[in-house]
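Below is one structure. I have some questions about it.
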Amino acid sequence: MEPFVRLEAVAAPLPLPNVDTDRIIPARFLHKPRGPGYERYCFHDMRFDAGGAERPDFVLNQAPYRGARILVAAENFGCGSSREHAVWALHAWGFRAFVAPSFGDIFFGNCGQNGTLPVVLPPDVVAGIRRQLHERPGASMVVDLPSQTVTGPDGVRHEFSVDPFRKECLLRGQDEIALSLGHAEAIAAFEERARVEMPWVLP
Amino acid sequence: MSSRSSAATDGHLVSAGLSLFEKIWRRHVVAEGPGGQTLLYVDRHLLHDGSGSAFGRLRSAGRPLRRPERCFATADHFVPTAPGTAATSDPEIRAMVDGLARHTAEAGISHFGVGDPRQGIVHVMGPEQGLTQPGITLVCGDSHTATHGALGALAFGIGSSEVEHVLATQCLWQRKPAVMRIRVDGPRPFGVTAKDVILAVIARIGAAGGTGHAIEYAGSTIAAMSMEERMTVCNMSIEAGARAGMIAPDDTTYAYLEGRPHAPRGDMWGRALAFWKTLPSDPDAAFDREMGLDAREIAPMVTWGTSPQDALPITGHIPDPAAAGDAVRRASMERALHYMGLTPGTRLMEVPVDRVFIGSCTNSRLEDLRASAAVARGRRAVVPAMVVPGSGLIKRAAEAEGLDRIFRAAGFEWREPGCSMCVGMNGDLGRAGERCASTSNRNFEGRQGQGVRTHLMSPAMAAAAAVTGRLTDVRTLGPAAEGG
């Protein structure tokens with residue numbers, strides 16, 4: 001996995017609560033292979049109208065935000081379907097960090113599997129950052145994982161908490177499967193015990 | 001499960017009894033990792049035709065499957081449901097269905113493919129085959145995996161990387177979520193179904209109300225529900241933000257399970273039953289959060305917006321964004337009403353519908369089809385309406401009792417099993433601007449097709465909408481013209 005350590009980049013504000021993963025990537029693209037052009041599917045129906053033309057009012061279609069690699073969203077970002085394609089599409093666009101007051105649980109977990117960092121900050125702090133990003137289109141901010149801080153466009157630093165395990169995995173770009181395979185003996189011992197204690201579970 | 005749950009849980013559970021969740025969790029800990037992460041064993045892994053990319057990555061990495069005998073697969077998301085259509089004409093979509101058959105054959109995984117009567121929606125198939133059992137951990141690369149919690153399992157949806165991880169290790173790194181108990185008590189009023197109960201719960205706690213939690217549903221209303229009704233309730237836990245929803249196993253659970261193909265038999269049944277009876281939460285179990293709902297106050301529900309939390313009693317009116325508490329919520333309501341083409345103050349019962357969908361992992365089981373058929377009998381659909389049974393076995397059972405004939409006589413389409421119009425990736429779609437009364441679980445923008453407007457409701461309410469052409473209070477429908 002690609003590691004995540006520190007990112008200084010343009011940030012885009014998305015002040016909509018409950019942005020579901022169907023909106024991040026509509027279902028009709030889920031059978032499409034990942035590869036060049038995959039970024040086209042990111043927020044597809046919010047970015048393009050039915051004829052394929054850009055909707056000028058959507059934030060990522062506005063010049064200052066086109067290079068955004070940080071997304072500052074609202075409550076419950078990434079709720080709904082478990083499709084990891086949502087993270088793949090955001091990643092293909094160039095996003096590596098997401099800041100919101102809360103995330104859908106499955107989306108949150110999927111981020112960590114793809115070298116992207118979801119950051120939870122209090123609702124008023126996130127709203128304040130979004131306001132600055134609206135007022136100063138194209139402003140940059142910093143997301144720093146080692147120090148667990150987000151620095152807003154105004155230079156104010158906000159600390160965030162992160163699961164120590166996820167932090168380590170992201171900093172090192174850890175292959176989680178390799179880590180688990182290191183526990184092969186414990187897994188085998190568990191299976192032996194389960195065979196005795198819950199034998200009916202095996203088909 | 002969540003990576004952001006309360007760390008205090010362990011502390012105050014030491015001296016108290018254990019919850020259903022806690023009992024299952026503790027039994028499946030393989031190793032405690034750094035930073036409060038647990039390597040959790042997965043007893044059962046269900047796969048579907050959207051799970052293919054995980055097999056590809058596993059092969060690229062040269063990693064074998066650890067326990068193919070603990071995996072079961074069926075095709076549902078991408079399968080066509082038009083009668084007599086074994087395969088879609090779209091080669092890219094057909095490749096998804098064919099890919100699952102190939103991957104599972106190579107890996108030695110049981111697969112119920114198109115044409116097998118056991119094929120169906122993965123969350124219908126698991127319980128139906130007796131694969132879902134109390135006290136087990138079960139995962140699937142689909143967010144509605146909480147459905148299986150209705151049988152007292154710890155079941156939750158995972159992403160594609162986690163599917164790959166489970167295939168390779170039969171385990172997952174998880175942080176223990178907080179546990180919330182939602183009690184629903186009292187008799188359900190006439191016309192109020194399990195779907196109405198869960199929509200009322202989601203409307204109360206919100207689409208993120210259960211984030212970071214596993215939910216245990218309890219109380220006399222839940223205890224009085226059939227197994228199929230319990231599955232409807234647990235199914236929509238994710239629409240309240242919770243990855244897992246669960247209900248303590250009881251005699252209803254055991255009666256449902258006994259005799260199913262993968263359920264224990266003989267002496268093993270007795271041993272399993274003795275274990276299952278230890279699972280319900282202890283009377284003094286502690287919960288991180290508790291909430292109560294009085295079933296007598298619940299009415300048949302419909303959604304008006306683009307989040308499942310936007311649910312109201314059918315007797316209500318389209319809400320006014322001007323009354324919203326804050327600017328973000330107001331803007332979000334305005335966007336939803338614009339998308340839905342609705343005006344504040346309109347009576348819900350005056351909203352016309354263009355199309356009806358009865359199906360999905362929420363409401364495609366035999367009892368759901370019976371409830372829809374009871375309304376359709378002797379009436380006539382005035383808009384296109386499709387009925388999609390949850391599995392081949394449900395389709396057969398429904399046909400054996402004549403439900404297909406009732407639907408056909410009423411002008412409803414009777415189709416082959418699959419996810420159909422719930423997911424919008426198999427060819428079953430509405431057209432832009434159409435309004436669809438749907439028994440599925442999500443009213444998201446574009447969920448049933450670009451520009452399609454979805455209203456969620458129960459199977460009886462959806463059938464009522466089909467025969468009137470508008471959102472309808474099924475309680476006031478009156479007798480059918482032909483005396484059905």
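Could you sort A:170-177, B:220-227, B:380-387, B:148-155 so that the peptide with the highest average Cβ count within 10 Å comes first and the rest follow in order?
Highest mean packing first, the order is B:148-155, B:380-387, B:220-227, A:170-177.
While we're here: What does the average come to when, for each residue of peptide B:58-64, you count the partner chain Cβ atoms lying within 10 Å of its Cβ?
1
Using only the alpha carbon atoms of the range B:301-474, find the Kirkwood hydrodynamic radius as the inverse mean reciprocal pair distance, in angstroms to one decimal.
In the range B:301-474 this quantity evaluates to 16.0 Å.
Another question, then. Would you compute the Debye intensity of the range B:326-375 from its alpha-carbon atoms alone, equal scatterers and no solvent, and pass along log10 I(q)/I(0) at q = 0.13, 0.24, 0.25 Å⁻¹ to two decimals?
Debye output, listed in q order: -0.56, -0.91, -0.93.
Then there is this: Taking H as built 1.01 Å from N, whose amide H comes closer than 5 Å to the amide H of B:Ala214, not counting residues under 5 places away?
Answer set, sorted by chain and number: B:Ala178, B:Val179, B:Met180.
How would the protein assembly as shown be classified by its alpha-carbon gyration tensor: rounded, prolate or oblate, with rounded meaning a/c under 1.5 and the a/b versus b/c comparison settling the rest?
Judged from the Cα gyration tensor, the protein assembly as shown comes out rounded (a/c under 1.5).
Could you check what % of the DSSP bridge pairs in chain A are antiparallel, to the nearest 5?
50
If you filter the range A:41-95 for GluC sites (Glu not before Pro), then keep DSSP loop positions with at most 10 other Cβ within 10 Å, what is left?
In loop regions of the range A:41-95 (DSSP not H, G, I, E or B), there are no sparsely surrounded GluC sites (Glu not before Pro).
Let me ask another. Quick one: net charge of B:Phe112's neighbours, Cβ under 13 Å, K/R +1, D/E -1?
Taking every other residue near B:Phe112 into account, the sum is -3.
Write out the GluC sites (Glu not before Pro) in the range B:390-484 meeting two conditions: DSSP loop, and at most 11 other Cβ atoms within 10 Å of their Cβ.
B:Glu482
Let me ask another. With +1 on each Lys and Arg Cβ and -1 on each Asp and Glu Cβ, and nothing else charged, work out how big the dipole of the range B:1-299 is about its Cα centre, in Debye to the nearest 20.
Taking the Cα centre of the range B:1-299 as origin, the dipole is about 580 debye.
Take the eigenvalues of the Cα gyration tensor for chain A, scale each by 5, and report the square roots as semi-axes in whole Å, largest first.
Ellipsoid semi-axes (Å, largest first): 34, 22, 15.
Also, I was wondering about something else. Once amide H atoms are built 1.01 Å from N in the peptide plane, which residues 5 or more positions from B:Asp116, or in another chain, come under 5 Å H to H?
Here the answer is none, since no amide H 5 or more places off falls under 5 Å of that of B:Asp116.
Taking every pair of alpha-carbon atoms in the range A:1-109, give the share separated by more than 23 Å as a whole percent.
When all Cα pairs of the range A:1-109 are counted, 22 percent exceed 23 Å.
To the nearest 500 deg cm²/dmol, what mean residue ellipticity at 222 nm is calculated for chain B from DSSP H runs of n ≥ 4 alone, each contributing -39,500 (n - 2.57), summed and divided by the residues?
-9000 deg cm²/dmol
On to the next question. Collect residues whose amide H, placed 1.01 Å from N in the peptide plane, falls under 5 Å from the amide H of B:Arg470; neighbours closer than 5 in sequence don't count.
Amide H neighbours of B:Arg470, under 5 Å, 5+ apart: B:Val353.
Can you give the three extents of the C-alpha atoms in chain B along their principal axes, from longest to shortest, in whole Å?
60, 49, 46
Further, regarding this structure: From the backbone phi of the range A:100-116, what are the Karplus-calculated ³J(HN,Hα) couplings (6.51 cos²θ - 1.76 cosθ + 1.60, θ = phi - 60°) in whole Hz, Gly and Pro given as x?
7, x, 7, 10, x, 4, 6, 4, 4, x, 5, 4, x, 7, 10, x, 10
While we're on this one: Taking the Cα centre of the range B:301-474 as the origin and placing charges on Cβ (Lys, Arg +1; Asp, Glu -1), which of B:Leu312, B:Ala437, B:Met333 is farthest toward the positive end of the dipole?
Going by the Cα projections, it comes out as B:Ala437.
Per the Kirkwood treatment, what hydrodynamic radius in Å, one decimal, follows for the range B:415-465 from the mean inverse distance over all distinct Cα pairs?
Mean inverse Cα-Cα distance, inverted, gives 11.0 Å.
Summing -39500 (n - 2.57) over the DSSP H runs of n ≥ 4 in chain A and dividing by its residue number, what mean residue ellipticity at 222 nm do you reach, to the nearest 500 deg cm²/dmol?
The helix-only estimate for chain A comes to -9000 deg cm²/dmol at 222 nm.
So what's the angle, to the nearest 10 degrees on a 0 to 90 scale, between helix A:184-197 and the longest Cα principal axis of chain A?
60
Let me ask you something else. Work out the P(r) tail for the range A:127-188: percent of alpha carbon pairs separated by more than 17 Å, whole number.
Summing the P(r) of the range A:127-188 above 17 Å gives 57 percent of all pairs.
Same structure, new question: Using alpha carbons only, how many degrees (0 to 90, rounded to 10) separate the axis of helix A:123-135 from the longest principal axis of chain A?
Result, in degrees: 40.
How many Cβ atoms of partner chains, on average, are near each residue of B:205-213 if near means within 10 Å of its Cβ?
The mean count of partner-chain Cβ atoms within 10 Å per residue comes to 4.
Can you pull the mean other chain C-beta count within 10 Å for peptide A:105-116?
6
Here is a follow-up. For each of B:Ser438, B:Ser332, count neighbouring Cβ atoms within 10 Å of the residue's Cβ, then give the residues from fewest to most.
The fewest-first ordering by Cβ neighbours comes to B:Ser332, B:Ser438.
Need one number: % antiparallel among DSSP beta bridges in chain B, to the nearest 5.
Approximately 25 percent, going by the DSSP bridge assignments.
Just need log10 I(q)/I(0) for the range B:143-246 at q = 0.16, 0.19 Å⁻¹, Debye formula, equal scatterers on the alpha-carbon atoms, no solvent, rounded to two decimals.
So the normalised log intensities work out to -0.66, -0.89.
Read the figures in this text as sums done on the coordinates, not as results from a lab. Source: prediction; values computed, not measured. Don't worry about glycine lacking a Cβ; one is built from the backbone with ideal geometry, like all the others, and counts go over all protein chains shown.
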